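What follows is one structure encoded as structure tokens, with my remarks underneath.
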Amino acid sequence: MKASQTVFEDGLCFVRWIDYSRLMVFLVILFFVLGSIFGSFLNVVVDRLIVGQSILGRSQCDYCRKVLSPWDLVPVLSFLILRGKCRYCRRKLSWQYPAVESLTGLLFAATFYLQVVGENIGLTTLAFLLVITCVMVIVSVVDFKYSLIPTTFVFGASLLALFYDFFTLPSGVFIDHVAAAFVAATFFGSIVVLTRGRGMGSGDIVLAFLIGMVLGFPKMVLSVFVAFVAGSVIAILLLIFGRKRFKQTIPFGPFLVFGFYIALYWYKPVVSWYVSLFR
Ligand SMILES: [Zn+2]
């Protein structure tokens, strides 16, 4: 019923002679490219803000400090063409750059395809989810790399989500999202208290709050569940392959973000699959 009311048919598809499915393929690729450009900026944010540098100023090679040309900074492609080495000093560049660029590209493309085409969300919601995606990428990369969660970004995003929910959702759903945020935060808060801060940190509490605020019930529950399952599987694999010892901790933020996207994109299929297991 709502399919004819998508943003495309209302807005972009006024050009009736364009093949709809080819337009979709083009837009998915466009969102990937857009995401990878944002991703290359997010790399700069991760590397400079965490150590307290300004995000302004030209990008340099980490080793030889040579100012990089625009040709060295094309997301993903430059890394592949230069075979992961600096053009000037031939030192190996971190795989963080192409990884974050392609991850952000994939998340932008998936958010566009699964949410706009699949769920008929409007442009405001799309813009909101892309901003949230940028924060989620920063949070997972920083937590993965430095084992800390940049709470300023998470608080900012939570505030944005609160306003977004308040202005776009019906009152009942808005209250449901706020409740999900507080329940998620309380749940992680009690884990932090019970484990005396080993395993989880206060950063995970605010990240869970953000996820609850964006997803609401019952998606928030699935995201936390998936995060724990994924975290346990990876922890066991790392123990088996001897990469970690038993008392070492692995950052939980990336798993929460992973659970967030599973619940955001595939809530219905995952839940019906899970229910079918017990029939
Ligand atoms: Zn260099």
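Computed from backbone phi with θ = phi - 60° and the Karplus coefficients 6.51, -1.76 and 1.60, the 3J(HN,Hα) list for segment 119-131 is 10, 6, 6, x, 5, 5, 5, 4, 4, 4, 5, 6, 5 Hz; x is used for glycine and proline. Distance from the Cα centroid of segment 160-220 to that of segment 259-279 is 20 Å (rounded to whole angstrom).
The 3J(HN,Hα) values that the Karplus relation (6.51, -1.76, 1.60; θ = phi - 60°) gives for segment 47-55 are, in residue order, 6, 9, 5, 5, 8, x, 8, 6, 8 Hz. Gly and Pro appear as x.
Does the chain come out rounded, prolate or oblate by the C-alpha gyration tensor, with a ≥ b ≥ c the root eigenvalues, rounded set by a/c under 1.5 and, if not, prolate when a/b is larger than b/c and oblate if not? Oblate shape, in that a/c is at least 1.5 and b/c is the bigger or equal ratio.
The 3J(HN,Hα) values that the Karplus relation (6.51, -1.76, 1.60; θ = phi - 60°) gives for segment 218-235 are, in residue order, x, 4, 4, 4, 4, 4, 5, 4, 4, 4, 5, 4, 4, x, 5, 4, 5, 4 Hz. Gly and Pro appear as x.
For the pair segment 66-137 / segment 145-159, the C-alpha centres are spaced 19 Å from each other. Student exercise: in the chain, how many lysine pairs 8 or more apart or on different chains have Cα atoms under 21 Å apart? Summing the qualifying lysine pairs gives 8. With contacts taken as Cα pairs under 8 Å and at least 6 residues apart, segment 148-279 reaches a relative contact order of 27 percent. Listed from fewest to most Cβ neighbours within 10 Å, the set VAL206, VAL28 follows the order VAL28, VAL206. Annotation: the residues ASP62, ASP47, sorted from fewest to most other C-beta atoms within 10 Å of their own C-beta, follow the order ASP62, ASP47. Charging the Cβ of each Asp and Glu at -1 and of each Lys and Arg at +1, and nothing else, the dipole of segment 168-272 about its Cα centre rounds to 500 debye. Taking each residue as 0.36 nm, the span from TYR63 to ARG22 lengthens on full extension beyond its C-alpha to C-alpha distance by 10.4 nm.
Entry note, the chain: relative contact order of 17 percent, from Cα contacts under 8 Å with a spacing of 6+ residues.
Read the figures in this text as sums done on the coordinates, not as results from a lab. Please read these numbers as outputs of a predicted model, since none were measured by experiment. Note that each Cβ is placed from the backbone with ideal geometry, even for glycine, and that neighbours are counted across all protein chains shown.
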